[in-house]
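Supplied in structure tokens, the structure appears directly below.
The values are calculated or read from the model by the stated rules, or taken from the named source; none is laboratory data. Model, not experiment: these values are computed from the prediction. All Cβ positions, even for glycine, are placed from backbone atoms using ideal geometry, and neighbour counts span all protein chains on display.
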Amino acid sequence: METILNDENFEKEVNSTDKFVLVDFFATWCEPCSMLAPILEKIAGQFKDKVILMKANLDNVPVSAQKFGVEKIPTVALLKNGKQINGFVGLAPENAIKEWLENIIK
């Protein structure tokens, strides 16, 4: 089950695990975001021993989104110990995201 983030719980949640945290910055009206969501959920399920998926609706995380420099959506940030180590912007194919993630977490 994914964690839903807001500005009040953002830092607490992303710092609450020693796993990698994949933060999906999205908006409900964003079609590419809607297309990316099931891909991220599937990949997070495949990497569940190492990765946690957290969802951040821009309407609920304006401060956190600004902190992470989110200018376009979808934006995906990969964090470790609360610090961003990588990320990407836009819709990408499942195999590309999986390969990107594998190369970082190995």
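Check whether at least one residue in region 34-41 is under 10 Å from the mean Cα position of the chain (by Cα), over 21 Å from A96 (Cβ atoms), at pLDDT 95 or above and not β-branched (V, I, T), and report yes or no.
No, the conditions are met nowhere in region 34-41.
Still on this structure, I have one more. Do any strands (runs of 3 or more DSSP E) entirely within region 1-101 hold 2 or more residues that are surrounded by fewer than 18 Cβ atoms within 10 Å (Cβ to Cβ), and if so, which? Spell out the reasoning first.
Numbers: elements: 3-5, 20-26, 51-57, 75-80, 83-89.
Passing ranges, in order: 3-5, 83-89.
Check region 21-42 and report whether any residue there is of a type in the set (G, A, S), closer than 18 Å to N6 by Cα and touching a residue at least 60 places away in the same chain (Cβ under 8 Å).
No: zero hits.
Return yes when V14 is in contact (Cβ under 8 Å) with a residue 60 or more places away in the chain and aliphatic (A, V, I, L, M) and no when it is not.
Values: in contact (Cβ under 8 Å) with a residue 60 or more places away in the chain: yes; aliphatic (A, V, I, L, M): yes.
Yes, satisfied.
Something else now. Looking for whichever is out of contact with any strand residue (DSSP E or B) (no Cβ under 7 Å at 6 or more places or on another chain) and of a type in the set (G, A, S) here; the options are A65, A96, A44. Which one fits?
Working: A65 fails: out of contact with any strand residue (DSSP E or B) (no Cβ under 7 Å at 6 or more places or on another chain); A44 fails: out of contact with any strand residue (DSSP E or B) (no Cβ under 7 Å at 6 or more places or on another chain).
Just a single option satisfies the conditions, and that option is A96.
Now a separate question. When you go through (1) among the β-branched types (V, I, T); (2) modelled with pLDDT under 95; (3) under 13 Å from the mean Cα position of the chain (by Cα) one by one for I105, which number turns out not to apply?
Evaluating I105 over (1) among the β-branched types (V, I, T); (2) modelled with pLDDT under 95; (3) under 13 Å from the mean Cα position of the chain (by Cα) leaves (3) as the failure.
Go through A65, A96, A77 for me and flag whichever is aliphatic (A, V, I, L, M), out of contact with any Phe, Trp or Tyr (no Cβ under 8 Å at 6 or more places or on another chain) and at pLDDT 95 or above. First the steps, then the outcome.
Details: A65 fails: out of contact with any Phe, Trp or Tyr (no Cβ under 8 Å at 6 or more places or on another chain); A77 fails: out of contact with any Phe, Trp or Tyr (no Cβ under 8 Å at 6 or more places or on another chain).
So the residue among A65, A96, A77 that is aliphatic (A, V, I, L, M), out of contact with any Phe, Trp or Tyr (no Cβ under 8 Å at 6 or more places or on another chain) and at pLDDT 95 or above is A96.
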